[in-house]
Each structure stands twice: as structure tokens, then as C-alpha cells.
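Read through the structure below, which is laid out as C-alpha cells, and then see the notes.
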Amino acid sequence: MRDISPASKPYIQVHSDVALGILVCERKDDPPFAESSFIKRLHVIGARRGMRLFAFDPWTWEPRNETVKAWVWNIGKSRWESGRRKLPTIVYDRSWPETEEEKNRYRQAMRNIRTSRKIRFLNGRLPHKGKVYEVLSKDRALAAIIPPTALYKGSASLSAWLRKHRHAAFLKPIAGSQGRRVVSIARTEEGRFRLAGRQQDNRPVDLICESEQEAIQRLERWIGVRSYLMQPLLELKGQSAESLDFRELMQKDKFGRWTSTGVAARLGAPGSVTANLHGGGKAASAEEVLTELFGEQRGNALLQEMRRISFLIVARLEETFGRFAEIGLDYGVDRGGTLWFLEANSKPGRTAMGSAGEGAAQAAAEQPLSYARSILLRLATTDMRRPPQGGGYASPGRVIHEFDHL
């Protein structure tokens, strides 16, 4: 059974014909956008529940008739079909702009929509990793699991960090995702320095430098003008020395309660510095992996500790950054059995949930729709001219996330 937090007041069940929009970045590929399998699954689940939903790229917004180009999965014909639809009431952001051109186009399109329309987001958005670490480290109940973290400020800052942390460091983009452009530096037994990481396209990087100076110079070119964080290079390894972390998916149910949908282990590809599935990693049972590494009793205790801490983290993140529908939380466990918080993701993938226990994969897809449906039904009976309690309509640079206590 999934862990849940105390219930909020249930929503009134009424019929509604308002729609949920799924934000995507349309491409010329087939299928026409990323995560098409997941979005297809949402269509199937939504059809069973009498929900209208469609995917759309905000770039297709037409202000003259307030429509967008909508993609719908035709279940009977097993194909994607497109047509013009009115801008939806609520949007679920599953867009993945990759190039700088796509990112700029996406941002501009959203600004254009917000200047003329009030748009509501199903899920909130977290700030950069540095801010998340800062907020969580101030909580006494969470400070011990946050790794020491500092902003990279050039070669001198990294050199000082290496002297303090056993000649090793893990560097990550302050606003990166899916393990892209992360890199580690560590002194080898021979006194040389190894750089290991992933490029923007997730291809692995593995390089030996003859000296610390050479390694730092290479990293300086690698980082360029980007903002990076420095952390200790934790020993987060599986039984075969592969990179290992744990993803816990936290989602709200139809009553607005936080639930733990599941926890999965992620094992990195051979030689990889990360365990991300996008970088060739694979998912496994968290319970089995922890038992294999630490024994049944300690493994179960670590799993329960992750779940306990996860409820504290999502509560703190909501208190600070506004409402969310789901958050993915990543943890590491070092060889000594110490639990570490790695990062939070407000646009979590759910591929790993297939290894998180019976029903976790299904719940991972169903929960956002259950939660969205409760909000849509509430909106159908709410005076839209009155801002909901705790917020208002979205304006440029600001979004409304949900309505737990209407």
C-alpha cells in the first residue's frame, strides 16, 4: 500500500467538459514529441475516466481565436491526430526543449500566452538546485542528509575544494537535468586525475589528466560561463561498483494528499558517473538492492527512512515554493550506509517505477490525472471571477499550482 499524508477535504464530484492540456515541444519526428508513450497512456486513462485532454506546443497559440494545435491519441485507430482546440483550463508541463533555440522559442511562446490569457499549471516549478539545497539545509530535520555544497567560482574555488575534500569533487549544472553535463574529478592511486561525466547529449566522458592543474583547466573550459555546484564525490556504488541512486516519486491523490507512489533503485551503465536512465542506467527493486548491500534489516530501515524524509521534503518545498502535484526525489546511500539527498525534480520521469513494486507504474500515470480531474471538477463549480484561496490567476512570471483548500 502506498504511504499517504492526512487527507484534505474531498472535491465535489460533478460532470465537466473542461480539458487538461499537456505541454510538449512539437518536433518533426514520429511521434511528434518526447514522452509520447507516457502521453498516450494518459489519453487511455483519461478516456476511461471521461476526461478530455490533449497535447500541445505553446508555440502554436493563436490569440485571434484563442486556440492551439492539439494532438490527441485516437485509441480506436491507434494513431496521433491533430486539430485546433481552445486553450485548456489547466496545463500539465511535460515539455522537454533540448536546444537553446527550442528553449528560447518555448519561453517566448509561454510569455505570449500569459500576456493575454490566465493559465493554470497542474504542477509547480522548483528553482535551481542551489536554492533547493539552501532551503532544505536550513531545516533541522533535513540538514544532516544534504551534502556540503558550494558554488563553483572558477579554478581557485575548485582547487580549494579539492584540498578540503580528499582531492575529489562532483560538479553539476545548477539548472541541469537528466544527468547532462555532470562531471567528477578524482585523484587516482598513481597521482593522476580522472575526469568522468556526461556531455549534453548524454554521451560519456572519461579522461585521465597527468596533473591537478591540467584537470582543473579542462574543467574550466568544460564549465565555461555556466553556473555549477561543487559537492563531495560520494561513494554511491552498487554491488558491482556501478553508480547507484534511488528515485522516490511523490504525488498527490484526488484528495490533495501527498502519497509515496514508489521507490526504485537506478543502476548506472558500466563506467558511468551517474545512474540516470537517460544515460544508459537501468531500474531495479530498491528493496532488493538495499538488502543485497546492507542486509534485510538495515535495508528496510533505509527504505523507511527515505519515505519518512520524503514527506518532510515535499512539505518544506511546498511551504517555500508553492503548490505541487508531484515531485521526484533522488537519494544516495554511501558504502557506510549513510543516506544522502541528491536532488528534487518537479518534472519527474517515471520509467523507473516499473521496478518500484506492484501497481507503482500504473499509479505513477494515474495520479496526475486523478488530481487534475479533481481540480477541473472544482473549477466547474467555482466562480472563475474570484481568485482561489491562497493565490490568484497566473500572470507573467507567476503560476497557480492547485487548490487544496477551496
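Of the helices (runs of 4 or more DSSP H) lying entirely inside region 92-189, the ones with 3 or more residues being within 19 Å of G332 (Cβ to Cβ) are found at 129-137. Among the residues of this structure, Q367 counts as one that is assigned to a helix (DSSP H, G or I), under 16 Å from the mean Cα position of the chain (by Cα) and more than 23 Å from G295 (Cβ to Cβ). Scanning region 145-175 for residues that are charged (D, E, K, R) and either touching a Gly at 6+ places or on another chain (Cβ under 6 Å) or under 19 Å from G336 (Cα atoms) (or both) yields a single hit, R166. Do we find a residue being on the phi > 0 side of the Ramachandran plot, touching a Phe, Trp or Tyr at 6+ places or on another chain (Cβ under 9 Å), surrounded by 19 or more Cβ atoms within 10 Å (Cβ to Cβ) and at pLDDT 90 or above anywhere in region 32-55? Checked against the condition, which is being on the phi > 0 side of the Ramachandran plot, touching a Phe, Trp or Tyr at 6+ places or on another chain (Cβ under 9 Å), surrounded by 19 or more Cβ atoms within 10 Å (Cβ to Cβ) and at pLDDT 90 or above, region 32-55 yields at least one hit. When I223 is tested against (1) in contact with a Phe, Trp or Tyr (Cβ under 8 Å, 6 or more places away or on another chain); (2) farther than 26 Å from E292 by Cβ; (3) surrounded by 20 or more Cβ atoms within 10 Å (Cβ to Cβ), only condition (3) is not met.
Condition check: out of contact with any His (no Cβ under 6 Å at 6 or more places or on another chain), at positive phi and not assigned by TED's automatic domain parsing to the domain that holds F321. Does R218 satisfy that?
Considered against the rule, which asks whether it is out of contact with any His (no Cβ under 6 Å at 6 or more places or on another chain), at positive phi and not assigned by TED's automatic domain parsing to the domain that holds F321, R218 comes out as no.
Residue pairs whose Cβ atoms lie under 6 Å apart, separated by 6 or more positions or on different chains, with the first residue in region 119-137 and without any contact (Cβ under 8 Å) to a residue 40 or more places away in the chain and on the phi < 0 side of the Ramachandran plot and the second of a type outside the set (V, I, T) and surrounded by fewer than 21 Cβ atoms within 10 Å (Cβ to Cβ), are S137/A143. The residues in region 82-91 that are among the polar types (S, T, N, Q) and not in a strand (DSSP E or B) can be counted, and the count is 1. In the set (1) within 23 Å of G332 (Cβ to Cβ); (2) touching a strand residue (DSSP E or B) at 6+ places or on another chain (Cβ under 9 Å); (3) surrounded by 14 or more Cβ atoms within 10 Å (Cβ to Cβ); (4) modelled with pLDDT of 95 or more, P204 fails one condition alone, (4). Just one residue in the set S285, S310 is under 27 Å from A175 (Cα atoms), touching a strand residue (DSSP E or B) at 6+ places or on another chain (Cβ under 8 Å) and among the polar types (S, T, N, Q); that residue is S310. Here L233 passes the criteria (1) more than 24 Å from A186 (Cβ to Cβ); (2) in a loop (DSSP other than H, G, I, E, B) except the one numbered (1). Just one of (1) touching a residue at least 60 places away in the same chain (Cβ under 8 Å); (2) outside the structural domain of I309 (by TED's automatic domain parsing); (3) of a type in the set (A, V, I, L, M) fails for I185. It is (1). Filter region 44-69 down to residues that are under 16 Å from Y371 (Cβ atoms) and of a type in the set (A, V, I, L, M) and give me whichever is farthest from the chain's Cα centre (by Cα). Among those residues, the one meeting the criterion is M51.
What do you reckon, is K237 under 22 Å from A363 (Cβ atoms) and basic (K, R)?
So K237 does not fit the description; no.
Total residues in region 104-148 satisfying the condition of being under 28 Å from E366 (Cβ atoms), more than 19 Å from the chain's Cα centre (by Cα) and either at pLDDT 95 or above or not assigned by TED's automatic domain parsing to the domain that holds A55 (or both): the figure is 0.
Applying the selection to region 1-30, what residues are at pLDDT 90 or above and in a loop (DSSP other than H, G, I, E, B)?
V24, C25, E26 - these are the residues of region 1-30 that are at pLDDT 90 or above and in a loop (DSSP other than H, G, I, E, B).
Anything in region 31-81 that is under 21 Å from Q367 (Cβ atoms), touching a residue at least 40 places away in the same chain (Cβ under 8 Å) and either part of a loop (DSSP other than H, G, I, E, B) or among the polar types (S, T, N, Q) (or both)? List them, or say none. Within region 31-81, A34, E35, S36, R49, M51 meet the criteria.
The values are calculated or read from the model by the stated rules, or taken from the named source; none is laboratory data. Quick caveat: nothing in here was measured; it's all calculated off a predicted structure. Backbone-built Cβ (ideal geometry, glycine too); neighbour counts: all protein chains shown.
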